[in-house]
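Structure, as structure tokens:
Rule-based calculations on the coordinates, nothing more; no lab input. Since we're looking at a predicted model, the values are computed, not measured. Cβ placement follows ideal geometry from the backbone for every residue including glycine, while neighbour counts extend to all protein chains displayed.
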Amino acid sequence: MNMKRLLVPFLVFTTGLLVLVVTAGLLLLPSRSQQSAGKVPIGGPFRLTSHEGKPFTEENLKGRPFVVFFGFTHCPEVCPTTLYDLTQDMAALGQDASSLQAAFITVDPERDTPDLMKTYLESFDPRIVGLTGTEEAIAAAARAYKIYYRKVPTDGGYTMDHSATLFLMDSKGEFYGTSNFQEPEETRRSKLRQLVKNG
Ligand code: NI
């Protein structure tokens, strides 16, 4: 008698539990399989122009690990600091970073011509290639890397607001990790060393 009375709530409970487990499993499955494949949807095709005035796509970078950074030459602080740190880090890694490449993609194509980028990049590691292009091409590259940028008017001009993440990409052009100028030197360098070794 007692057992029979308990049976209905028990069945309701176990059915509910089963639905919960299956739903959770289905929700987790795609993200887990995505992780195991090691693919994060950051990066991808772009079609830009190098600071040498030559066509430049992600294919020019694939084959060796690389770093991608978005910014602009008129940036007062974050961009020059990041490029300076990267230059110092690449020098400090020496042979460990000999295969490392880097791309500095402008978010200010209006002012950042190939010539201006070339002059600007003379202050930094020669392996850093400056990339510019049409507004549409820059927007497409920014979308591929999921970065944010925005034009902000100032007295008599404008500046650019932008994400300051360094994207570490493996030799297949797939996302490997991130770094940024606020990290301690040791952290940045160990990340770059890992990228060169495993990417
Ligand atoms: Ni900047």
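Where does region 31-153 land on Rg(C-alpha)/(2.2 N^0.38 Å)? Against the compact-globule rule of thumb, the ratio is 1.08. Excluding residues fewer than 8 places away in the same chain, name every one of the lysines whose C-alpha is closer than 24 Å to that of K172. Qualifying lysines at Cα under 24 Å: K39, K54, K62, K146, K191, K197.
Take each peptide in 117-129, 167-179, count the other Cβ atoms within 10 Å of every residue, and average; sorted highest first, the result is 167-179, 117-129.
For region 38-86, just say rounded, prolate or oblate: build the C-alpha gyration tensor, square-root its eigenvalues into a ≥ b ≥ c, call rounded for a/c under 1.5, and beyond that prolate if a/b exceeds b/c, oblate if not. Since a/c reaches 1.5 but b/c is at least a/b, the shape of region 38-86 is classed as oblate. Residues whose amide H lies under 5 Å from that of K172, counting only those 5 or more places away or on a different chain, are G63; hydrogens are built 1.01 Å from N in the peptide plane. In this label model, A140 and N60 are separated by 1.5 nm, measuring between points 7 Å along each Cα→Cβ vector. Full extension of the chain between N198 and E185 yields a length gain of 2.7 nm, computed as 0.36 nm times the residue separation minus the alpha carbon distance.
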